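Participant: Have a look at this one before I ask anything.
The values are calculated or read from the model by the stated rules, or taken from the named source; none is laboratory data. Treat the numbers as computed from the prediction; the structure is a model and nothing was measured. Because the Cβ atoms are built from the backbone with ideal geometry, glycine has one as well, and the counts that use them run over all protein chains shown.
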Ligand SMILES: Cc1ncc(COP(=O)(O)O)c(C=O)c1O
C-alpha cells in the first residue's frame with residue numbers, strides 16, 4: 001500500500017535522540033529545546049518560537065494569551081481539522097464557522113466579514129493542506145474591526161504569502177509536528193510571535209504558570225504543555241533538512257499537477273499569486289461527487305494499493321459542533337464531500353506518483 005504520509009527520518013534524527021538519551025536530559029529541559037526553538041524562529045522570520053507538546057495546545061495557548069474567553073466569538077473555517085475549533089471551545093469561547101473558497105479551499109474573507117458581531121474577538125485562518133490563505137484581505141478585515149489573527153499553520157510550514165512565511169503574519173501563530181506533518185517530532189507543536197509580552201505569557205502558561213524568576217511560585221493557573229528534549233532532538237534534525245523536505249513536497253505536487261491536469265472532472269487547489277503552497281497533502285476534488293461516490297472511488301484506489309483520506313468533514317456536521325452553521329458553507333460542503341488526500345509523503349518515488357495518477361485517470365474515465 002502506498003501510504004498517504006510517512007515520516008522521513010533519514011537525517012540526524014537517531015543520532016540526536018541517542019545523544020539526548022545519553023545526556024539523561026529527556027524531559028523538557030536540554031540543549032535541543034533551545035536549539036529547535038532558535039532554528040524554528042530563524043526559519044520563519046519570527047522573534048519568539050515556543051516549543052509545546054502538540055499543535056492543539058499551541059492553539060489553546062495562543063487564545064489564552066490573547067485573553068479570549070466566555071462570551072467571545074472566534075471565526076474559524078468550517079472545513080478544517082477539529083483542533084482549530086476545539087481550542088476555541090477550551091477557552092470557553094464560541095467558534096463561528098465560515099465558508100471556504102472553492103478555488104483555494106481556504107476560509108473566505110467575504111464570509112468572515114459577514115460573520116463579525118460585537119462579540120467577535122479573533123479570526124483563526126487555516127492554511128489548508130499547505131495553501132496560504134488570503135492574508136492581505138484577512139488582516140485588512142481584522143484591523144478594521146480590531147480583531148486578533150491567529151494563523152493555524154499546522155499544515156503549512158514553509159509556505160509563503162507575498163514573500164512572508166505563513167505563520168509570521170498574525171499576532172500569534174501555531175504549528176503542529178505530528179507524525180504526518182512536513183516536519184515531525186512525533187507529537188509536538190510550536191507557538192510563534194513577535195510580541196515579547198505575549199511570548200512571556202505563553203511560556204508561563206505552558207509551564208504550569210510558574211514564575212520564571214521564582215521557582216515553585218505560580219502566577220496563575222497554567223498547563224503542562226511542554227515539549228521534551230527527545231522530541232526537540234528529532235525536530236533539530238528535521239530542521240537541518242527543512243528546505244529539502246519542503247522542496248520534495250512542492251516537486252511531488254508539480255508532478256501530480258502535470259499528470260492530472262487533463263483528467264476531466266478533477267479539480268485541485270489554486271494558489272494565490274505571489275504565494276508558495278507547500279502541499280502538506282496533495283488533494284483532489286472529484287467534481288460533483290457525493291461523499292458515497294467519493295468513498296467508492298477511494299475503495300477502487302485502495303484496491304490498486306493506493307491509500308487516500310477523505311478531506312475533513314465539516315465541523316458543523318459532527319456531534320461537537322452540530323448545527324452551529326451560521327454562514328451557508330455550500331462550497332465547503334462540496335469540498336468535504338468530494339475531496340480526497342492523495343499520497344503525499346516525501347518518500348514517494350516519481351514512479352509512485354505516475355502510477356497513482358494513471359490509476360486515477362483510469363477509474364475516472366471508467367465510471
Ligand atoms: C489545521 C490543524 N490544526 C491543528 C492541528 C493539531 O495539531 P496536533 O495534532 O499536533 O495537535 C492539526 C493537526 O493535525 C491541523 O491539521
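Participant: Just for helices (runs of 4 or more DSSP H) wholly inside the stretch 70-185: which have at least 1 residues that are under 26 Å from residue 284 (Cβ atoms), modelled with pLDDT of 95 or more and under 11 Å from the mean Cα position of the chain (by Cα)?
Facilitator: 82-90
Participant: Looking at 51, 58, 65, 87, which is the one that is away from the ligand (no atom under 15 Å from the Cβ) and crowded, with 21+ Cβ neighbours inside 10 Å?
Facilitator: Result of the check over 51, 58, 65, 87: 65.
Participant: Which ones in the stretch 340-366 are touching a residue at least 40 places away in the same chain (Cβ under 8 Å) and either in a loop (DSSP other than H, G, I, E, B) or farther than 20 Å from residue 268 by Cβ (or both)?
Facilitator: 342, 343, 344, 345, 346, 347, 348
Participant: Still on this structure: Answer with yes or no whether residue 199 is in a loop (DSSP other than H, G, I, E, B), in contact (Cβ under 8 Å) with a residue 40 or more places away in the chain and either farther than 25 Å from residue 244 by Cβ or within 16 Å of the ligand (Cβ to nearest atom) (or both).
Facilitator: no
Participant: Answer yes if at least one residue in the stretch 23-30 is in a helix (DSSP H, G or I), closer than 19 Å to residue 227 by Cβ, over 23 Å from the mean Cα position of the chain (by Cα) and more than 16 Å from the ligand (Cβ to nearest atom), and no otherwise.
Facilitator: Checked the stretch 23-30: at least one residue is in a helix (DSSP H, G or I), closer than 19 Å to residue 227 by Cβ, over 23 Å from the mean Cα position of the chain (by Cα) and more than 16 Å from the ligand (Cβ to nearest atom).
Participant: When only residues in the stretch 68-84 that are more than 16 Å from the ligand (Cβ to nearest atom) and in contact (Cβ under 8 Å) with a residue 40 or more places away in the chain count, which is farthest from residue 173 (Cα to Cα)?
Facilitator: 71
Participant: Please go through the stretch 293-339 and pick out each residue that is outside any helix (DSSP H, G or I) and more than 27 Å from residue 6 (Cα to Cα).
Facilitator: Answer for the stretch 293-339, where residues must be outside any helix (DSSP H, G or I) and more than 27 Å from residue 6 (Cα to Cα): 318, 322, 323, 324, 325, 326, 327, 328, 329.
Participant: Ok, one more. Condition test on residue 46, is it within 13 Å of the ligand (Cβ to nearest atom) and assigned to a loop (DSSP other than H, G, I, E, B)?
Facilitator: Here the answer is no, as residue 46 does not meet what is asked.
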